[in-house]
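All remarks here apply to the structure that follows.
The values are calculated or read from the model by the stated rules, or taken from the named source; none is laboratory data. Treat the numbers as computed from the prediction; the structure is a model and nothing was measured. Every residue, glycine among them, receives a Cβ derived from its backbone with ideal geometry; neighbour counts consider all protein chains shown.
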Amino acid sequence: MQRNLRKRSVLELTATAVLLGATSGAALAQARPVPAANAIYREASLVRQDSSDCLNNTVSDSDPSRVGGTVILARNPDGATIVKVYVTAEPNTKYNLYLKCVRGLGTITTHDEGEGEGLFYFDAKETGNVITFDMYPDGAPAGNKFQSVQVNY
């Protein structure tokens, strides 16, 4: 059974980030950047694949049956990067999202139908112009890991 992925728009990413900034108070809003009017947007697939190198050179989304999520990025001119992740994976599971070979970004918890989402932030200085992600639950069981297609700025 193939799960339906909900594609989200760049507008939703912007609206989500603005809403979080507006509702979390001035001090927290500064820690949570919002997409600037001139932010550069990118989108990449999350593919079921157990491993790859730091640049995910072996990751491809050419087989739609292996795609399990979408990563949408907005990079502001100052380097602040906002990441919105949507995934359909194992139900009721906590997935750890990593800026591949750099650091952890946080967790995404899927619901009873396997859908989950998360909003994360990092600075462009951490990655350069090629960005990759990986995501997996604690214990990293085979067959339940995701690698992103490369994102290039």
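For region 11-25, state whether one or more residues are modelled with pLDDT of 50 or more and either loosely packed, with under 11 Cβ neighbours inside 10 Å or in contact with a helix residue (DSSP H, G or I) (Cβ under 8 Å, 6 or more places away or on another chain) (or both).
Yes - at least one qualifying residue is present in region 11-25.
Within the bounds of region 113-135, is there any residue that is within 18 Å of Tyr41 (Cα to Cα), among the basic types (Lys, Arg), out of contact with any strand residue (DSSP E or B) (no Cβ under 8 Å at 6 or more places or on another chain) and in contact (Cβ under 8 Å) with a residue 40 or more places away in the chain?
Looking for residues that are within 18 Å of Tyr41 (Cα to Cα), among the basic types (Lys, Arg), out of contact with any strand residue (DSSP E or B) (no Cβ under 8 Å at 6 or more places or on another chain) and in contact (Cβ under 8 Å) with a residue 40 or more places away in the chain, one finds at least one in region 113-135, hence yes.
Which of the strands (runs of 3 or more DSSP E) contained wholly in region 60-128 include at least 2 residues that are acidic (Asp, Glu)?
It comes to 115-123.
The rows are residues; the columns are (1) more than 17 Å from Val149 (Cα to Cα); (2) touching a strand residue (DSSP E or B) at 6+ places or on another chain (Cβ under 9 Å); (3) surrounded by 18 or more Cβ atoms within 10 Å (Cβ to Cβ).
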| residue | (1), (2), (3) |
| --- | --- |
| Ile40 | yes, yes, no |
| Gln49 | no, yes, yes |
| Asn57 | no, no, no |
| Ser62 | no, no, no |
| Ala74 | no, yes, yes |
| Asp78 | yes, yes, no |
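Can you report the number of residues in region 80-104 which are buried (at least 20 other Cβ atoms within 10 Å of the Cβ) and either under 17 Å from Pro35 (Cβ atoms) or among the aliphatic types (A, V, I, L, M) (or both)?
The number of residues fulfilling the criteria is 9.
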